[in-house]
Amino acid sequence: MPGELEKLKVVAYSDPEFNNKIADGEFSTLMNPEKYTYHYKIETDETQASGTSTVSPRFNKKLPENLELDFVFDRSGVINGYASSNDGIIDDIEKFKKVILDYNGDEHKPNYLVISWGTLLFKGALTEMDVEFKLFKPDGTPIRAVAKAKFQGFVEDNLRAARENNKSPDLTHYRTVKEGDTLPLMSYHIYGDSKYYLEVARVNNIVNFRKLKTGQKLFFPPLQKQS
């Protein structure tokens, strides 16, 4: 509905391609965050240039960004729609931990997460979390807490390989077909050569490359350019 409050959402997947959503692997925040923080880090190599006595930093690569985000839990009864309960916030936190903290399957890896809210769209996995309990019932049951979580972002393996291969600057591209587009023309714009259209047709399971549909999304993989 127009004007409805959009909640920050975390969705868990068992695979880094984000194809297999985990059962009950979705969590929406009680309260949207007041802020979130992105951390970027650049790796450099301290190398000495040939014929000089000075050491200059050499750019290596940009590491995946990290995200810091706080999640609020409250069952004190002061927030509409979240009534107090005998177990306080225990069930809420266990549900939250199942989505972002639990290992998936036999891989012994944390779940792969998509975090979305407004212009925030982050793919990564939890690296660390502190839960601060702030309010309690007389018997010690927690009814308010803040989870301070840190996530490491990443890109899919094929994207990472393309980004880190100096000899192949091509990145994976997704493109939406516009009126008048042809597969050879789109291949030329992305790869600089139209001859790759057959490979693009193959990975997209396109039988008749002459009949593209306007609005159709196509995947252009990183390709090793042929001489």
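The values are calculated or read from the model by the stated rules, or taken from the named source; none is laboratory data. Only a predicted model underlies this, so the values are computations on that prediction, with no experimental measurement involved. Glycine also receives a Cβ, built like all others from the backbone with ideal geometry; neighbour counts cover every protein chain displayed.
The table below lists the values:
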{"item": "Flag if Thr176 is modelled with pLDDT of 80 or more, loosely packed, with under 12 Cβ neighbours inside 10 Å and among the hydroxyl-bearing types (Ser, Thr, Tyr)", "result": "yes"}
{"item": "Count of residues meeting criterion [in a loop (DSSP other than H, G, I, E, B) and either within 22 Å of Pro110 (Cβ to Cβ) or at pLDDT below 75 (or both)] in the range 31-55", "result": "7"}
{"item": "Matching residues in the range 77-100 - criterion: being of a type in the set (A, V, I, L, M, F, W, C) and loosely packed, with under 12 Cβ neighbours inside 10 Å", "result": "Val78, Ala83"}
{"item": "Which listed residue, of Phe27, Phe73, is surrounded by 11 or more Cβ atoms within 10 Å (Cβ to Cβ), modelled with pLDDT of 90 or more and more than 23 Å from the chain's Cα centre (by Cα)", "result": "Phe73"}
